[in-house]
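Beneath this line is the structure, given in structure tokens, with notes to follow.
Every read-out reported here was derived from the displayed coordinates using simple, explicitly stated rules and does not represent laboratory data. Here the structure is a predicted model, which means the values were calculated and not measured. Cβ placement follows ideal geometry from the backbone for every residue including glycine, while neighbour counts extend to all protein chains displayed.
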Amino acid sequence: MGRPAAGMKVLVTGGGGFLGSAIVRMLHERGDEVSVLGRGTYPHIDPYIKRMFQADIRLAPAVAHACEGMDVVFHVAALAGIWGRRRVFWSINVEGTRNVIEACRVNGVPRLVFTSTPSVVFGKDDLCGVDESTPYPSRYLAAYPETKAVAERLVLAANSPRLATVALRPHLIFGPGDPHLIPRVIARARQGRLVQVGDGNNLVDITYIDNAADAHVKAAKALTPGGRCAGRAYFISQGEPVSLWPWLNELLTAVGVPTVTRSMFFRNAYRAGIAFETAYRVFGIVREPPMTRFLATQLAKSHYFDISSARRDFGYDPTISTADGVQRLVATLSGCGA
């Protein structure tokens, strides 16, 4: 089986989302025939796709149908978040992934690229420049990283001579079109609800959206049964961590939003997370708490990673620098265009 070239038939699950859309556009520009599986309709990607399969990832027959005749499946769809019912996270992130794997097997799809997250190895301690040999933690602070870790293990265990699999772990994706990460930070800052957790010295990896999409395309191109990438997970980032709180304040200043001036000790934020989680469970509150243990730890601890394996094994290199990425983001947030 040779390496895939442009002109492949590809399916992107979650292709209407932030990362999924970027992957779809990049594949289309390569000349691939792109189909998308998602629950909604996504007019912004209509010009780039051949076919839209509107279905829930949890419906196995629909997933199997969408995978028919595909050369590569990019499984990007997932439920992310710091709070929510574990059974819902499990049904989408784990059972949905099982459906994708089985659909690939049944239809003879030879390659599966899975979007994971560095949070699969994040417990409670700092992660400073660690590589993929870092083990999964014994306990997780939220359902999202727990269920993504289970899904990643399923994908890697499914690697075989008939189905080559790889898992990518892009960290904190940002850029124009981001509907979640940066807009939420800005909204909290505008409302005066953004508080620095910890001493502010933590270093954190980020990933510009085009770089994250490029990593997926490059990994698919290099992925072959028995090849270097097959059955492995890879960290993806800018390759240069930022000092989280100064970086956020620079971004806030650039878009004309008040910077963060208040702070709290990590231990106090963590205790507040325990209290909120307990109260929300007892009273059955569905909405996201203002603080959780996972959020407190993410905001206070360092988490940055060694991406040398991705550079070596499939030629990933962040072509858009952090400075250029921020400039592009700020331009869109300021209403100046990308």
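Go ahead and set up a Gaussian network model of the chain, Cα springs under 10 Å, then flag whichever of VAL155, VAL88, VAL286 fluctuates most.
Result: VAL286 has the largest fluctuation of those listed.
Once the dipole of the chain is set up with Lys and Arg at +1 and Asp and Glu at -1 on Cβ about the Cα centre, which of PHE235, ALA279, LEU37 lies farthest towards its positive end?
Checked the options; the winner is ALA279.
Let me know the charge dipole size of segment 97-136 about its Cα centre in debye, to the nearest 20, where only the beta-carbon of Lys, Arg (+1) and Asp, Glu (-1) is charged.
On the way: 4 positive and 5 negative charges, 67 e Å.
The dipole of segment 97-136 has a size of about 320 debye.
Which three extents, in whole angstrom, do the alpha-carbon atoms of segment 230-295 cover along their principal axes, largest first?
Over segment 230-295, Cα extents along the principal axes are 46, 41, 23 Å.
In percent, what relative contact order does the chain have, based on Cα pairs under 8 Å that are 6 or more apart in sequence?
On the way: 693 pairs, mean separation 61.6, N = 338.
Computed over the chain, the figure is 18 percent.
For segment 284-316 and segment 143-220, compute the distance between their C-alpha centroids and round to whole Å.
A separation of 7 Å, based on Cα centres.
Which of SER119, SER321, SER21 ends up with the largest GNM mean-square fluctuation for the chain, with Cα atoms connected below 10 Å?
Checking each option, the largest mean-square fluctuation is seen for SER321.
Taking amide H positions as placed in the peptide plane 1.01 Å from N, state which residues far from ALA164 in sequence (5 or more) or on other chains have amide H under 5 Å from it.
ARG111, LEU112
So what J values fall out for segment 258-265 if you push phi through Karplus, 6.51 cos²θ - 1.76 cosθ + 1.60 with θ = phi - 60°, rounded to Hz, Gly and Pro as x?
Per residue, the Karplus-derived 3J(HN,Hα) values read x, 6, 7, 10, 9, 9, 8, 5 Hz.
Using θ = phi - 60° and the Karplus form 6.51 cos²θ - 1.76 cosθ + 1.60, what ³J(HN,Hα) does each residue of segment 172-182 get, whole Hz, x for Gly and Pro?
For segment 172-182, the Karplus curve yields 6, 6, 9, x, x, x, 4, x, 10, 4, 5 Hz.
Report, by chain and number, residues whose modeled amide H sits under 5 Å from the one on PHE53, excluding near sequence neighbours (fewer than 5 apart, same chain).
Close amide H contacts, sequence-distant or interchain: VAL36, LEU37, GLY38.
Using only helices, what value at 222 nm comes out for the chain when you add -39,500 (n - 2.57) per DSSP H run of length 4 or more and divide by the total residues, to the nearest 500 deg cm²/dmol? Before the final figure, lay out each step's value.
On the way: 12 runs with 130 residues, N = 338.
Taking each H run of at least 4 residues, the total per residue is -11500 deg cm²/dmol.
Roughly what % antiparallel, to the nearest 5, for the DSSP beta bridges in the chain? Can you show the working numbers first?
Numbers: 2 of 37 bridges.
Here the share of antiparallel DSSP bridges comes out near 5 percent.
For a quick check: with amide H placed at 1.01 Å from N, whose amide H comes under 5 Å from ALA233's, ignoring anything fewer than 5 positions away on the same chain?
Under 5 Å from the amide H of ALA233: ALA167.
About its Cα centre, what dipole magnitude does segment 181-228 give when the only charges are +1 on Lys and Arg Cβ and -1 on Asp and Glu Cβ, stated in debye to the nearest 20?
With only Lys, Arg, Asp and Glu charged at Cβ, the dipole is about 180 debye.
For segment 77-163, just say rounded, prolate or oblate: build the C-alpha gyration tensor, square-root its eigenvalues into a ≥ b ≥ c, call rounded for a/c under 1.5, and beyond that prolate if a/b exceeds b/c, oblate if not.
Since a/c reaches 1.5 but b/c is at least a/b, the shape of segment 77-163 is classed as oblate.
Rg (Å, one decimal) plus Dmax (Å, integer) for the alpha carbons of segment 191-314?
18.7, 53
For segment 126-261, what is the Kirkwood estimate of the hydrodynamic radius, computed as the reciprocal of the mean inverse distance between distinct Cα atoms, to one decimal in Å? Write out the running numbers ahead of the final one.
Numbers: mean 1/r = 0.0582 Å⁻¹.
Averaging 1/r across every pair of different Cα atoms and inverting gives 17.2 Å.
Could you point to the residue in ALA66, PHE314, LEU329 farthest towards the positive end of the chain's charge dipole, with +1 and -1 charges on the Cβ of Lys/Arg and Asp/Glu respectively?
ALA66
Given 0.36 nm per residue, what is the gain on full extension from ARG188 to THR253 after removing their alpha carbon distance, in nm?
Working: separation 65, 0.36 × 65 = 23.40 nm, distance 1.40 nm.
Using 0.36 nm per residue and subtracting the Cα-Cα distance, I get 22.0 nm.
If you put +1 on each Lys and Arg Cβ and -1 on each Asp and Glu Cβ, how big is the dipole of the chain around its Cα centre, in Debye rounded to 20? Don't jump to the answer; show the numbers that get you there.
Numbers: 38 positive and 28 negative charges, 182 e Å.
Its charge dipole is roughly 880 debye.
Taking θ as phi - 60°, what are the ³J(HN,Hα) couplings along segment 131-142 by the Karplus curve (6.51, -1.76, 1.60), each to the nearest whole Hz, with x for Gly and Pro?
For segment 131-142, the Karplus curve yields 10, 6, 6, 4, x, 5, x, 6, 9, 10, 9, 7 Hz.
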